[in-house]
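To start, the structure itself, in structure tokens.
The values are calculated or read from the model by the stated rules, or taken from the named source; none is laboratory data. Just so it is clear, the model here is predicted, and its values are computed rather than measured. Virtual Cβ from ideal backbone geometry, glycine too; neighbours counted across all protein chains shown. Keep in mind that these areas ignore ligands, DNA and RNA; they rest on the heavy atoms of the full protein, side chains included. Shrake-Rupley method; radii C 1.70, N 1.55, O 1.52, S 1.80 Å.
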Amino acid sequence: MYKRRLFACMLGGVISAVFCLIGRQIIYGFPDILWENIAATVANRLLLGFVIGISGWRINYLLHGAILGLVLSISVSIGFLPGNILGFTLFTSAGIIYGFMIEWITTNVFKAPMKAQ
């Protein structure tokens, strides 16, 4: 396994979790932060970085990040649907953007592209 790619993707996941939590605070007017929200957000974004890092799916690298961001974000945001359409839309959209950004930064800045399997 190529360690630099996995490290860069996981770091991107942690950073995107921080941005996600800060964005939530700003959008919703600084409500109390619950442990469940922090845990779910960090776990999901870290999982996003991990999956992008280990995936060898042979498609365009930017599309790769965006699709994985969509799929993995829906796993959490689907729980928002009964009463929080805005939360669903924002969390899912952010996942797509973060997946795209994690893949772009890993490939172009860290010079750790996906390897063909």
TODO: Determine one quarter of the surface area of the Cα convex hull of the chain, which equals its mean projected area, and express it in nm² to one decimal.
DONE: 7.0
Open item on the list: Only Cα pairs within less than 10 Å get springs; with that Gaussian network setup on the chain, which residue of GLY69, GLY79, GLY99 has the largest fluctuation?
Closed with: GLY79
Open item on the list: Once R0 is set to 35 Å, what does the formula 1/(1 + (r/R0)^6) return for the Cβ-Cβ distance between GLN25 and ASN108, expressed as a FRET efficiency to the nearest 0.05?
Closed with: 0.70
Task: Relative contact order (%) - criterion: Cα under 8 Å, at least six apart; region: the chain - done: 34
Open item on the list: Tell me the carbon and sulfur percent of the accessible area for region 1-81, rounded to whole percent, probe radius 1.4 Å.
Closed with: 76
Task: Using θ = phi - 60° and Karplus 6.51 cos²θ - 1.76 cosθ + 1.60, couplings along region 104-115 (whole Hz; Gly, Pro as x) - done: 5, 5, 4, 6, 9, 8, 7, 6, 10, x, 5, 9
Task: Cα centroid separation - region 1-62 against region 83-117, whole Å - done: 8
Open item on the list: Can you work out the Karplus-derived ³J(HN,Hα) for every residue in region 29-39? Use 6.51 cos²θ - 1.76 cosθ + 1.60 with θ = phi - 60°, whole Hz, and x for glycine or proline.
Closed with: x, 6, x, 4, 8, 9, 4, 4, 5, 5, 4
Task: Theoretical ellipticity at 222 nm over the chain - DSSP helices of four or more residues, -39500 (n - 2.57) apiece, nearest 500 - done: -24000 deg cm²/dmol
Open item on the list: Keeping every protein chain present and rolling a 1.4 Å probe, give me the accessible area per residue for the chain in Å².
Closed with: 58
